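Structure first, commentary second.
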Amino acid sequence: MMLAWLFLLPFFGGIAAWLSGRGSSTLPRWIALGSLSLPLVGLLGWRASLEAAPASDWLAEVRWSWIPSLGITVHLALDGLSFLLVVLALVLGVVSVLVSWKGISQRVGFFHFNLLWILAGTIGVFLALDLFLFFFLWELMIIPMYLLIGIWGHERRHYAAIKFFLFTQGSGLLMLAAILGLHFVHRAQTSVATFGYLELLGTELPAAIGMWLMLGFFVAFAVKLPAFPFHPWLADAHTEAPTAGSVVLAGLLLKTGAYGMIRFVLPLFPDAAARIGPLAMTLGVIGILYGAVLAFAQTDLKRLVAYTSVSHMGFVLLGIFAGTPMAVEGVVMQMICHGLSTGALFILAGGIQDRIHTRDLDRMGGFWPAVPRMGGFALFFAVASLGLPGLGNFVAEFLVLLGSFEASRLLTVLAALGIVAAAVYSLWIIQRVFHGEPRTERNLTDLDGREAVVLGAMAVALVWLGLNPQPVLETARPTVERILESGAARAAYDPRGPVAPATAGVASFKPEETP
């Protein structure tokens, strides 16, 4: 039942925030904060009380019948991977409420309703093990985010909201078709109607059908990631969204795409995933380099940060389809650290825009003397984003590259160039905004106490992840190994040369063996 409340508290909290907003502009904020803080504290306390090595593969699991005639259930489960991402969702949810405390003054109740429903849908996606329920919650995230951008966004908010909706809704329909196809194939084989993830894992798929069904899932998740060439919606959505929307978008919605690939694409479609693996890794490397090049070309601060996300998410795609435990553990770490570092950069970009009413880099410069605390935090999160040793992002990208090396040395070397590019564009941001001669006269105010506490907590988290990543890696490892060792998640690569044909399924990987 605890799993249901992780989803239901933000869900009903959103309704309560909306209703309370009719008479107060402060009460919705406190309701939203409580609706996220309570499940966060409860989840962490519950996990601390568990034994270090639970007997089951799942830390917690609950199942209720929903539409039995169609085999649809409410099946929620929590393992190490979903635990980490649910914690990330609740933490960034609290951050989003706090950074919006003064910035949102219109329709406050409805704003927090949409924010909480996005988070409820995201948490549900990380917990759902029924594919119909997963799709339902996947779609639940879209409409509130559309409204968040369209109502509280900036100048071109309607264009950005519609573009976001078209990309995500269109790709979601492809996933729905793939879910139905998998359901019908399984029912034809077993005469059992089910949308259960665990039941569908063993479905035998002809090569052509498996490829088409896998592509339905892959495209939906690649759009959300976003992977090249499915990324055009991202920069507009980030640029026009309010600060909280950018934080949730970068920190969580993008991670649902990565989670979906790990949880569904790899184990449900082993042969198809193996065959598409080289292409997916190539797209990941293209995204790393292409996102970095586009970042250099921007004069809008938020668009620049948005394209860094395209670059960093390329490491996620590369690591997933490299298919080694080290690479996938690095992907999990990257998902968490990117959510914190890029979310913080969007908070800073939003704070600058609120103060000077522009995102144009050509009108910035020389801010450091006026706002030293803001400059210090910006420098910290910029070097975190570029992968400075000692911070969590370095651990993540190092593990991805090290784990990908045995899959493809060429692609790994090219991906490493993205780290060099990240160092240049990250420091370029600091130079353009905080150093040099002031380009215009500005009356700037530095970070207040609330902003400093939020950013300080995120900075401490990145330092802890960089110096002590083992608790996160150990939490994710059982899930990663279970997926990879299931015989359904590792593409058959030949580390000595080109990718080997994956005609015999996917090989199991054991750390002590040489592939």
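The set of residues in the range 284-314 being surrounded by 22 or more Cβ atoms within 10 Å (Cβ to Cβ) and farther than 19 Å from residue 250 by Cα consists of 285 alone.
Residue-wise test of (1) in a helix (DSSP H, G or I); (2) closer than 14 Å to residue 132 by Cβ; (3) small (Gly, Ala, Ser); (4) in contact with a His (Cβ under 8 Å, 6 or more places away or on another chain).
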| position | (1), (2), (3), (4) |
| --- | --- |
| 166 | yes, no, no, no |
| 175 | yes, yes, no, no |
| 187 | yes, yes, no, no |
| 202 | no, no, yes, no |
| 215 | yes, no, no, no |
| 228 | no, no, no, no |
| 234 | yes, no, no, no |
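Only residues that are hydrophobic (A, V, I, L, M, F, W, C), out of contact with any Leu (no Cβ under 6 Å at 6 or more places or on another chain) and surrounded by fewer than 23 Cβ atoms within 10 Å (Cβ to Cβ) were counted in the range 209-222, giving 4. Within the option set 390, 376, 366, being surrounded by fewer than 24 Cβ atoms within 10 Å (Cβ to Cβ) and free of Cβ contacts under 8 Å to residues at least 12 places away in the same chain holds for one residue only, 376. Within the range 21-44, the residues that satisfy the criterion of being surrounded by fewer than 21 Cβ atoms within 10 Å (Cβ to Cβ) and polar (S, T, N, Q) are 24, 25, 26, 37.
Given the residues 335, 261, which is the only one that is among the hydrophobic types (A, V, I, L, M, F, W, C), over 20 Å from residue 92 (Cα atoms) and crowded, with 20+ Cβ neighbours inside 10 Å? Quick ask: steps written out before the conclusion?
On the way: 335 fails: over 20 Å from residue 92 (Cα atoms).
Criteria check complete, one pass: 261.
Taking the conditions (1) surrounded by 15 or more Cβ atoms within 10 Å (Cβ to Cβ); (2) modelled with pLDDT of 90 or more in turn, residue 60 satisfies each one other than (2).
Scan the range 73-96 and give yes if some residue there is without any contact (Cβ under 8 Å) to a residue 24 or more places away in the chain and among the polar types (S, T, N, Q), otherwise no. I'd like the intermediate steps shown before the answer.
To start, the set of residues in the range 73-96 that are without any contact (Cβ under 8 Å) to a residue 24 or more places away in the chain comprises none.
Checked the range 73-96: no residue is without any contact (Cβ under 8 Å) to a residue 24 or more places away in the chain and among the polar types (S, T, N, Q).
When restricted to residues that are of a type outside the set (Gly, Ala, Ser), closer than 21 Å to residue 98 by Cα and exposed (fewer than 14 other Cβ atoms within 10 Å of the Cβ), the range 445-486 contains 5. It is to be established whether one or more residues within the range 289-303 are more than 30 Å from residue 103 (Cα to Cα), basic (Lys, Arg) and assigned to a helix (DSSP H, G or I). Scanning the range 289-303, I find no residue that is more than 30 Å from residue 103 (Cα to Cα), basic (Lys, Arg) and assigned to a helix (DSSP H, G or I), so the answer is no.
The values are calculated or read from the model by the stated rules, or taken from the named source; none is laboratory data. Predicted model, so just to flag it, every value in this text is computed and none were measured. Here the Cβ is made from the backbone with ideal geometry for all residues, glycine too, and neighbour counts use every protein chain on show.
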